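One structure is given here, and the rest of the page talks about it.
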Amino acid sequence: MNSFDATKIKAMREIIQKALDEIKMTTGVELKLGKINYDIFSFDASLSAVIEDKKFDEEKAEFEKLCFHYGFKKDDYGKTFEWANNLSTTTYTLYGFAPRSKKYHVLARNPNGKTYKWEIDVVKRMLAKNISKVA
């Protein structure tokens, strides 16, 4: 390799991320490669690390701290609800809050791990539907 360009950096990112994923499998430490800055002869990137179990412990503690402010209970952490559109139905998992948000205070993630912000009333309605399905 004589120089770096966008295509080569993209390929390097994929190689590095595969190696980081292997480290996660053996250690339980999630490593994420951040933004890569490069010029023709060099590149640098940020790297962050989180112990998987600790991330969810902190997440749950934060949820439990804020839940009453938004009208939820501590045991609502990790509950799921379904949202359907014309094409499909997706299950979301409740995990946190966005205190600075003006309208969408509830955080839930889809099965792919992507976070979405929701209105409080919408999530409460969806959680109530799930409870009535079980009962």
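The values are calculated or read from the model by the stated rules, or taken from the named source; none is laboratory data. Worth saying up front: this structure is predicted, and the values here are computed from it rather than measured. Neighbour counts run over all protein chains shown; Cβ positions are idealised from the backbone, glycine included.
Here are the numbers for this structure:
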{"item": "Candidates GLU59, GLU64, filtered to the one that is within 27 Å of ASN130 (Cα to Cα), free of Cβ contacts under 8 Å to residues at least 24 places away in the same chain and surrounded by 10 or more Cβ atoms within 10 Å (Cβ to Cβ)", "result": "GLU64"}
{"item": "Qualifying residues in region 33-59 (those that are among the hydrophobic types (A, V, I, L, M, F, W, C) and assigned to a strand (DSSP E or B)) - the one modelled with the lowest pLDDT", "result": "ILE51"}
{"item": "Residue count for region 100-128, restricted to those that are surrounded by 13 or more Cβ atoms within 10 Å (Cβ to Cβ), free of Cβ contacts under 8 Å to residues at least 24 places away in the same chain and either among the charged types (D, E, K, R) or not assigned by TED's automatic domain parsing to the domain that holds THR90 (or both)", "result": "3"}
{"item": "Elements of type strands (runs of 3 or more DSSP E) in region 73-114, at least 2 residues being among the polar types (S, T, N, Q)", "result": "89-97"}
{"item": "Filter pass, SER46 being out of contact with any Phe, Trp or Tyr (no Cβ under 9 Å at 6 or more places or on another chain), free of Cβ contacts under 8 Å to residues at least 60 places away in the same chain, in the same structural domain as LYS102 (by TED's automatic domain parsing) and small (Gly, Ala, Ser)", "result": "no"}
